[in-house]
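S.K.: Okay, here's the structure, questions in a sec.
The values are calculated or read from the model by the stated rules, or taken from the named source; none is laboratory data. Because the structure is a prediction, the values reported are computed rather than measured. Ideal geometry is used to build each Cβ from the backbone, glycine not excepted, and the neighbour counts take in all protein chains shown. SASA here: full protein model, heavy atoms, side chains in, ligands and nucleic acids out. Shrake-Rupley method; radii C 1.70, N 1.55, O 1.52, S 1.80 Å.
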There are 2 protein chains.
Amino acid sequence: MSGPVQGFSKLSKEEKIQWVAQNYTHNPEQTTALLKKYWNTDTQLQKLHDEFIENTITNFYLPFGVAPNFQINGKRYTLPMAIEESSVVAAASKAAKFWLTRGGFRTRILGTEKVGQVHFLFKGEFDRLEQFFKSVKPRLISEATPITANMEKRGGGITQIELRDKSKELPDYYQLHCTFETLDAMGANFINSCLEQFAKTLKDAAQEFEAFSPEEKNLEVVMSILSNYVPNCVVRAEVSCPVSELNEDDGIAPETFAEKIIQAVRIAEIEPYRAVTHNKGIMNGIDSVVLATGNDFRAIEAGVHAYASRDGQYRSLTHAKVENDTFRLWIDVPLALGTVGGLTSLHPMVKLALEMLHHPKATDLMQIVAVAGLAQNFAALRSLVTTGIQRGHMKMHLLNILNQLGATEEEKLKMVDYFKTHTATHSAVVEAFQKLRAN
Amino acid sequence: MSGPVQGFSKLSKEEKIQWVAQNYTHNPEQTTALLKKYWNTDTQLQKLHDEFIENTITNFYLPFGVAPNFQINGKRYTLPMAIEESSVVAAASKAAKFWLTRGGFRTRILGTEKVGQVHFLFKGEFDRLEQFFKSVKPRLISEATPITANMEKRGGGITQIELRDKSKELPDYYQLHCTFETLDAMGANFINSCLEQFAKTLKDAAQEFEAFSPEEKNLEVVMSILSNYVPNCVVRAEVSCPVSELNEDDGIAPETFAEKIIQAVRIAEIEPYRAVTHNKGIMNGIDSVVLATGNDFRAIEAGVHAYASRDGQYRSLTHAKVENDTFRLWIDVPLALGTVGGLTSLHPMVKLALEMLHHPKATDLMQIVAVAGLAQNFAALRSLVTTGIQRGHMKMHLLNILNQLGATEEEKLKMVDYFKTHTATHSAVVEAFQKLRAN
């Protein structure tokens with residue numbers, strides 16, 4: 001086996017493509033042509049997209065869809081959704097329309113606290129460490145002023161720095177547990193910059209702290225980094241209506257429908273195998289809007305699922321009940337989102353998505369995104385407890401399979417009709433299609 | 001507030017765009033032009049992408065980058081990665097190159113079991129339910145034959161159906177807990193189709209089961225659906241080398257470097273605030289390849305984070321140790337992936353990504369994706385315990401901000417140089433850039 005490819009990142013885009021095509025594909029010319037086919041014809045625009053990351057060779061298309069009819073706190077929205085999975089946009093639209101005539105969605109911010117930590121090792125007396133921390137705290141804040149000044153002008157900044165003793169869990173391990181208000185920014189760069197400054201101040205000040213022994217002075221910072229676990233950066237979204245208004249077109253009584261939804265949610269509250277998929281459906285809605293608005297879905301996913309397991313068992317993010325003949329479904333979800341910084345003012349489609357959402361502040365976007373999750377959950381529960389999940393899903397999937405088989409529009413219509421009464425597995429579709437062509 | 005938009009989904013793409021542009025943006029003409037600018041000039045290709053989901057109005061570009069120099073079980077790979085976050089591809093490439101000269105990555109499949117459940121309510125004696133289950137089990141399998149026949153021909157199918165008593169957690173609640181082998185398919189459609197058939201058989205057979213009381217016969221299925229929690233569909237990836245070979249170009253001794261990495265991992269093993277972000281970094285690598293290969297990142301995310309919390313506390317997915325002077329870093333991660341079905345044979349870029357990866361089987365892809373996660377973790381840990389996370393990250397982010405400000409190539413070079421010795425927060429960059437222009 002040969003050594004590393006040297007200097008790959010320094011190659012031009014054309015050279016990178018040539019290298020990949022020749023070394024990893026069977027028809028280099030065809031590969032090159034395909035990659036270029038996905039380039040935007042506007043070279044300036046393409047250059048912008050190329051520079052978002054490293055070694056970009058082309059664009060990966062995610063469908064950008066829209067889900068209309070969302071009413072949130074009395075205001076009408078059409079949600080921009082970037083997602084590759086069929087049925088998600090359709091389900092969101094259907095849920096939005098259902099609730100539009102039943103009061104819409106209501107939301108409320110429960111907190112906006114962001115978190116970061118300086119993780120360090122200290123070999124010595126905790127009492128002296130506490131004493132040191134008290135004395136160094138003002139300096140931690142003042143030496144971070146060059147970083148925090150602008151954020152403070154806008155009303156944000158460092159909200160708290162706390163010393164945490166974790167030495168029972170890991171010998172000599174302590175933290176500066178820090179909280180921040182980052183306003184419309186997601187805040188990763190701001191928080192990490194603050195933390196790295198805290199770490200520097202902490203080390204310097206320890207060296208100078210006279211009560212410390214020589215070993216104590218050599219306090220060692222392991223790392224300084226924000227946390228994507230944000231259990232106090234949470235939004236609540238809910239829908240409710242009189243049970244009697246839960247009329248369905250599937251011929252199910254409103255009371256039965258409410259009861260079935262509540263049973264399904266209760267199961268997701270107590271059974272992790274179910275909860276994971278229940279929440280996965282919620283994330284279909286959440287991530288679609290997170291992606292379209294230029295936010296980082298890995299950060300959101302990590303924070304949400306950790307939150308779902310916060311009491312020691314992985315559970316549903318949504319809850320449902322009937323009280324005084326009123327049905328209510330709600331979600332509490334941690335969402336550290338930004339509407340400035342990052343891609344928000346760079347990616348033209350992200351800018352458009354934010355314009356479509358009436359240029360939201362971060363707290364507005366939190367509410368919209370939570371609603372996207374709740375809508376998705378309602379739609380999934382509704383399918384699950386009535387027709388089953390496969391009917392809606394397979395209809396879209398069927399079209400994808402038929403496209404793959406090169407079906408004509410006429411053939412598609414015939415096949416959709418056929419699979420209204422047959423189970424549309426991949427192999428069944430292929431088989432039926434072959435029969436259709438054979439006739 | 002007016003009523004719902006009726007029949008939106010039935011509008012043509014042009015009409016949808018017109019409606020969105022006129023109702024939700026300030027300059028409808030400009031909006032329309034922008035959306036169309038992102039269409040592919042090949043109308044057939046665009047139509048294919050439009051049909052993946054509902055209400056598609058354009059394409060959302062994610063950069064498609066490549067990370068070369070991965071050696072996995074002795075074989076060379078270049079990873080296709082679809083991701084909007086800067087530094088991820090660079091970090092992956094850097095980690096790959098580091099390990100290429102130290103034996104590369106080694107991987108092993110620990111299991112491929114997929115899971116699905118029929119959730120039902122039964123009001124009666126558990127003994128009789130068990131007796132019923134025993135008698136109905138062969139029929140559950142035989143009536144699913146039309147769905148399972150093809151999968152069985154290829155060596156997969158239903159592996160187990162188990163009755164689980166959950167009535168202590170929720171009155172009258174029981175499950176058919178079912179496991180499957182779905183080979184190269186992710187298996188969602190197959191599993192859901194099987195489960196919906198199981199549910200039908202279960203209800204029918206209960207009605208006919210003579211030992212049941214009338215109430216017991218009315219066993220009620222709440223829902224039937226696969227689980228994205230797959231703790232037995234797991235792959236292990238690892239790197240190792242003699243500690244003495246962990247030489248770094250950052251002037252840190254190999255032993256210290258190993259020790260610092262191990263400390264950082266240990267912290268992520270015991271502290272949830274850190275673990276969430278530690279794992280988020282891993283998911284940067286995992287999701288990039290998951291997206292590029294047409295798999296569903298929400299499913300993967302949900303399964304992975306639930307797995308990280310399986311013992312009651314959210315913990316690191318990776319582990320590290322030094323034993324006999326050998327440093328070892330490894331990850332165990334549940335990955336239910338597919339390399340057939342879904343988008344894998346529809347999305348031209350997904351097809352190319354799979355070709356680049358030597359047309360992997362699902363188990364091959366599991367191993368590649370796990371390596372992407374481990375590489376990302378190593379790169380993040382390496383930055384965190386040496387230079388800090390901000391240095392590498394801000395360099396790329398700086399270029400994004402400069403693009404946003406419309407900097408020329410010459411201005412960019414000057415600014416990159418300036419921020420080698422200054423903290424590059426967003427506002428600091430704006431300020432420095434304004435000064436540069438003012439000079």
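S.K.: Taking the Cβ of A:His177 as the center, what net charge do the other residues with Cβ under 11 Å away carry, scoring Lys and Arg +1 and Asp and Glu -1?
M.R.: 0
S.K.: Same structure, new question: So, counting K/R as plus one and D/E as minus one, what does the shell of residues with Cβ under 14 Å around B:Lys153 add up to?
M.R.: Summing Lys/Arg as +1 and Asp/Glu as -1 gives -3.
S.K.: Place the label 7 angstrom along Cα→C-beta at A:Lys47 and in each other copy, then list the distances from the first to the rest in nm, shortest first.
M.R.: 3.5
S.K.: Based on the alpha-carbon gyration tensor of the protein assembly as shown, what equivalent-ellipsoid semi-axes (square roots of 5 times the eigenvalues) come out, in whole Å, largest first?
M.R.: The three semi-axes for the protein assembly as shown are 43, 32, 29 Å.
S.K.: Of A:Gly342, A:Gly104, A:Gly155, which has the largest mean-square fluctuation in a 10 Å C-alpha GNM of chain A?
M.R.: Highest fluctuation among the options: A:Gly155.
S.K.: If you take all C-alpha pairs in segment B:317-383, what percent of them are over 20 Å apart?
M.R.: The share of Cα pairs beyond 20 Å in segment B:317-383 comes to 43 percent.
S.K.: Residue by residue, what Karplus-based ³J(HN,Hα) values in Hz, rounded to whole numbers, does segment B:178-194 have, using 6.51, -1.76 and 1.60 with θ = phi - 60° and x for Gly and Pro?
M.R.: Ordered by residue, 3J(HN,Hα) equals 10, 10, 9, 10, 10, 6, 7, 8, 4, x, 4, 5, 4, 5, 4, 5, 4 Hz.
S.K.: Further question: Please go through segment B:315-422 and write out the trypsin sites (Lys or Arg not before Pro) that DSSP classes as loop and that have at most 16 other C-beta atoms within 10 Å.
M.R.: B:Lys361, B:Lys420
S.K.: A further question follows. Roughly how much of A:Cys241 is accessible, in Å² to the nearest 10, using a 1.4 Å probe?
M.R.: Counting only protein heavy atoms, the figure is 10 Å².
S.K.: To test your reading of the geometry: what angle, between 0 and 90 degrees and rounded to tens, separates the Cα axis of helix B:13-24 from the longest principal axis of chain B?
M.R.: 70 degrees
S.K.: To the nearest Å, what is the center-to-center distance of segment B:192-246 and segment A:311-377, using C-alpha atoms only?
M.R.: 30 Å
S.K.: Which parts of segment A:194-217 would a label at A:Ser167 reach, counting a residue when its backbone N lies under 15 Å from a point 7 Å out along Cα-to-Cβ?
M.R.: Flagged as within label range: A:212-217.
S.K.: Now a separate question. Taking chain A as the reference, fit the longest principal axis to its C-alpha atoms, fit the long axis of helix A:272-292 to the helix C-alpha atoms, and give the angle between the two in degrees, 0 to 90, nearest 10.
M.R.: 90 degrees
S.K.: Would you calculate the separation in nanometres between label points at B:Glu29 and A:Thr145, each defined as 7 Å from the Cα along the Cα-to-beta-carbon direction?
M.R.: 5.2 nm
S.K.: Against the 2.2 N^0.38 Å scaling, with N counting residues, where does chain A land? I'd like the Cα-based Rg ratio to two decimal places.
M.R.: 1.20
S.K.: Further question: In the structure displayed, which of A:Lys94/B:Lys351; A:Lys414/B:Lys36; A:Lys37/B:Lys13; A:Lys16/B:Lys260 lie more than 30 Å apart, Cα to Cα?
M.R.: Distance filter (> 30 Å) returns A:Lys94/B:Lys351; A:Lys414/B:Lys36; A:Lys16/B:Lys260.
S.K.: Under a straight-distance cross-link criterion of Cα-Cα below 13 Å, which aspartates and glutamates are reachable from A:Lys280, leaving out those fewer than 8 residues away in the same chain?
M.R.: Qualifying aspartates and glutamates at Cα under 13 Å: A:Glu85, A:Glu301, B:Asp296, B:Glu301.
S.K.: While we're looking at this one, here's another question. Please list, short to long, the whole-number percent of alpha-carbon pairs of segment B:168-308 in consecutive 10 angstrom bins beginning at zero.
M.R.: With 10 Å bins starting at 0, P(r) equals 9, 24, 24, 20, 12, 7, 3, 1.
S.K.: Now, a different point. So what is the calculated 222 nm ellipticity per residue for the protein assembly as shown, using -39500 (n - 2.57) for each DSSP H run with n of 4 or more, over all residues, to the nearest 500 deg cm²/dmol?
M.R.: Result for the protein assembly as shown, helices only: -16000 deg cm²/dmol.
S.K.: How far is it, in nm, from the label point at A:Lys420 to the one at B:Ala253 when both lie 7 Å from their Cα along the line to the Cβ?
M.R.: Distance between label points: 7.8 nm.
S.K.: As I understand it, the value is the acute angle between the Cα axis of helix A:126-143 and the longest principal axis of the Cα atoms of chain A; what does it come to in degrees, rounded to 10?
M.R.: Once rounded, one gets 70 degrees.
S.K.: Go ahead and collect, in residue order, the members of segment A:83-107 whose backbone nitrogen is under 20 Å from a label point 7 Å along the Cα-Cβ direction of A:Ser244.
M.R.: Correct set: A:99-104.
S.K.: Report the label-to-label distance for B:Ser135 and A:Gln313 in nanometres (one decimal), using points 7 Å from each Cα along the Cα→Cβ vector.
M.R.: 3.3 nm
S.K.: I'd like to check one number: the per residue accessible area of chain A, probe 1.4 Å, reported in Å² as a whole number.
M.R.: So chain A comes to 38 Å² accessible per residue, rounded to a whole number.
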